[in-house]
Amino acid sequence: MVATAGSEAELVRRARAGDRGAFEGIVRCHQDQIYRLSLRMLGDAWDAEEAAQDTFVQAWRRLGGFRAEASLSTWLYRIATNRCLNMLRARPPVEPVGGPEVGAVEGPDHIVEVRSEVASLRVAIRELSTDQRAVLLLRESEGCSYAEIGAILGISVAAVKSRLHRARVCLIDAMAAWA
Amino acid sequence: MSLDPHAMRLECGADAATLVQQVVDGRVAPTGSHQESCELCQATLTELARRWRVADRWLREPVRAPRSLVESVMSRIGGSGPSDRHRVATTPRGATTITTRALVVVVAVAALEVPGVRRLAGRFPSTIRSRDQAGTITVALELVAQPHADLRRAASDVRRRVVADCAWLLGLELAAVDVAFVDLEE
């Protein structure tokens, strides 16, 4: 679902005035992109849904502070990225119960998964530093500009480019066996 | 071919970041006089493109948010939130409510006591979902079964046990219990 800039501005204006229906429209417009970013950042559907929920709840509470000079997308990405980074930092060093990751369990499923290129890619993405992962996903998956990524993460465009290059090279290295 | 993230240039002097950017932008054909005459640059571009294709396909794959997301968000900003309360009894002397947290604990304990159930799939409590629509409460849970378990029977037993425990311990009548076995494990 895509809102035009005009209709989105109107939704924001009404939501800021406390109109929950207007805010629901905003959530419907942006839910896929926020969930997608969360899912790829966290690698877990349950956590991703929690992060996406938290993002919108926080957006509702902070809507009064939203400045129109940044796009709503960029603002929501910033909230979502921070939420995901916090969740990743809070994760225990052990694998989550019920969510065995590739390499954690021996068995037929494990072997099949390890042999798939997408599994290798997921491992490679998980092994990126969280900052590199955020830059990579915001650029390659979400299509944000360097300036937008810089604004979302609070870093310079030069730092965005540097982290992005390193992340891309790590993925390219990881894909050597599958090319 | 191995690319060192710290290596800034190829042996021919070409800028590695430029070649990577070129491939990511989908411009695989050599551009400029150096690339057109440099076999190393051409081989590197071809190899980079082959490797990047897998990542690019996955990164651009569409992902849809779960259907429950909007409803959950609206529920939370409406003040009821994930720790919303279910009304189980109302008398002239007051109402009795229980939280979703209490509900999912009872559901989890009941499900785990059923033979054939190995464990909850995913993290507790988010692996158990409850929905209260105008007092009609439904529960959905994902489980890991033991190998060789009769899954249809186990699901039926989970459903029966969860309904019974919620009624007995909480005084809560469930309209439906959706059970999904998502994996098997010793």
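At 0.36 nm per residue, minus the direct Cα-Cα distance, what do B:Met8 and B:Val105 gain on full extension? Give it in nm, one decimal, please. Could you put the intermediate results ahead of the total?
Details: separation 97, 0.36 × 97 = 34.92 nm, distance 5.49 nm.
Contour length minus the Cα-Cα distance gives 29.4 nm.
Relative contact order (percent) for the range A:34-80, with alpha-carbon contacts under 8 angstrom and 6 or more residues of separation?
Over the range A:34-80, the number comes to 42 percent.
Taking a ≥ b ≥ c as the square roots of the Cα gyration tensor eigenvalues, with a/c under 1.5 meaning rounded and otherwise prolate when a/b beats b/c, else oblate, which class fits the protein assembly as shown? Kindly include the intermediate steps, with their values, before the conclusion.
On the way: a/c = 3.20, a/b = 1.55, b/c = 2.06.
The shape class here is oblate.
Of B:Val162, B:Val54, B:Val107, how do they rank once you tally other Cβ atoms within 10 Å and put the fewest first? It would help to have the intermediate numbers written out before the result.
Values: B:Val162 24, B:Val54 19, B:Val107 27.
Ascending number of Cβ neighbours within 10 Å: B:Val54, B:Val162, B:Val107.
Relative to the first principal axis of the alpha-carbon coordinates of chain B, what is the inclination of helix B:68-77, with its axis defined by its Cα atoms, in degrees from 0 to 90 and to the nearest 10?
The angle comes out near 70 degrees.
Please list, by residue number, every one of the GluC sites (Glu not before Pro) in the range A:42-81 that is coil in DSSP and has at most 12 other beta-carbon atoms within 10 Å.
A:Glu69
Of the trypsin sites (Lys or Arg not before Pro) in the range B:20-115, which ones lie in a loop per DSSP and count no more than 11 other C-beta atoms within 10 Å?
Answer by residue number: B:Arg60, B:Arg64, B:Arg67, B:Arg93.
How high is the FRET efficiency between B:Thr91 and A:Asp19 when r is their beta carbon distance and R₀ equals 35 Å, given to the nearest 0.05?
About 0.40, to the nearest 0.05.
Among B:Cys38, A:Cys144, what is the fewest-to-most ranking by other Cβ atoms within 10 Å?
Ascending Cβ contact count within 10 Å gives the list B:Cys38, A:Cys144.
Which GluC sites (Glu not before Pro) in the range A:5-34 pass both tests, a DSSP loop state and at most 15 other beta-carbon atoms within 10 Å?
Answer by residue number: there is no such site.
So if we plug the beta-carbon distance of A:Ser7 and B:Ala164 into 1/(1 + (r/R0)^6) with R0 = 51 Å, what FRET efficiency do we get, rounded to 0.05?
Rounded to the nearest 0.05, the efficiency is 0.55.
Pairing rule first: another cysteine's C-beta must sit under 4.7 Å. Under that rule, which cysteines of the protein assembly as shown stay single?
Lacking a cysteine Cβ partner under 4.7 Å: A:Cys29, A:Cys84, A:Cys144, A:Cys170, B:Cys12, B:Cys166.
Among the DSSP beta bridges whose two residues both lie in the protein assembly as shown, what percent are antiparallel, rounded to the nearest 5?
Numbers: 16 of 25 bridges.
Of the beta bridges lying entirely in the protein assembly as shown, close to 65 percent run antiparallel.
Could you let me know the centre-to-centre spacing of the range A:137-163 and the range B:17-53, using Cα atoms, in angstrom?
First find each Cα centre; the distance between them is then 23 Å.
Apply 1/(1 + (r/R0)^6) to the Cβ-Cβ distance of B:Arg123 and B:Ser37, taking R0 = 41 Å, and write down the FRET efficiency to the nearest 0.05.
Between B:Arg123 and B:Ser37 the formula returns 0.15.
We did not get these values from a lab; they are worked out from the coordinates using the rules stated. Predicted, not measured: the structure shown is a model, and the values here were computed from it. Cβ atoms come from the backbone with ideal geometry, glycine included; neighbour counts cover every protein chain shown.
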